[in-house]
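> The following block contains the structure, expressed as structure tokens.
Just so you know, all these numbers are worked out from the coordinates, no wet-lab data involved. Only a predicted model underlies this, so the values are computations on that prediction, with no experimental measurement involved. Positions of Cβ are generated from backbone atoms using ideal geometry, with glycine treated the same way; all protein chains shown enter the neighbour counts.
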């Protein structure tokens, strides 16, 4: 009950105040991710971290992205609520969401074709590297699109966003079972 009254009061704020709240939320998400990663680095410092500094740096960057992604759900949700009445925004978001989800599915196709030794072209190694990175961010994109689908003002927009979320979900599930599940289930 209190959250809905707070949101209704926030909707009456001027546009610049709403933008400031959202930007402050993202800054807070970045600072909290930085602090959590810094604590992790201080707790794991030692000769083993120095010996494998590149691996730890990559892990720390993934950890930062994960913490930032989780904490930034709050300002993203607020931004979507603030933009709920803007029809042009939601139409553009649906179009961009569907295009982005198609890149995720294309990334899965590149990885599958490369693993089956189907030669795509002479420059397929570059696409494979980009595809790996694209699949690694797909869970965060899926969460964003799913959150957008929950907040979307009209049913047909909701269905477009659910479709985009499903495309990202396919990529996320593929990435998990292709790379991470073998690490846990040997």
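> Give the peptides 54-64, 18-28 in descending order of average Cβ contacts within 10 Å, highest first. Let's see the in-between values first.
Numbers: 54-64: 13.1, 18-28: 14.6.
Those peptides, ordered most packed to least, come out 18-28, 54-64.
> Further, regarding this structure: Applying a 10 Å radius around every beta-carbon, put 42-52, 166-176 in order of their mean neighbour count, most first. Walk me through the numbers on the way to the answer.
Working: 42-52: 9.8, 166-176: 20.1.
Order by mean packing, descending: 166-176, 42-52.
> Still on this structure: So what's the back-of-envelope 222 nm ellipticity for the chain, counting only DSSP H runs of four-plus at -39500 (n - 2.57) apiece and dividing by all residues, rounded to 500?
Values: 9 runs with 155 residues, N = 186.
Roughly -28000 deg cm²/dmol at 222 nm, from the helical runs in the chain.
> Working from the alpha-carbon coordinates of region 86-186, get Rg over Rh, Rh being the Kirkwood radius.
On the way: Rg = 15.3 Å, Rh = 14.4 Å.
Rg/Rh: 1.07.
> Kirkwood Rh over Cα pairs of region 1-82 into Stokes-Einstein at 20 °C, 1.002 mPa s: D in µm²/s? If you can, show how the numbers build up before the last one.
Values: Rh = 14.7 Å.
The Stokes-Einstein estimate is 146 µm²/s.
> Please determine, in degrees from 0 to 90 and to the nearest 10, the orientation of helix 87-115 with respect to the longest principal axis defined by the Cα atoms of the chain, where the helix direction is its Cα long axis.
10
> Identify which of the listed values of Rg and Dmax of the Cα atoms in Å was calculated from the structure shown: (1) 19.6, 59; (2) 16.1, 49; (3) 18.7, 59.
The listed entry that was calculated here is (1).
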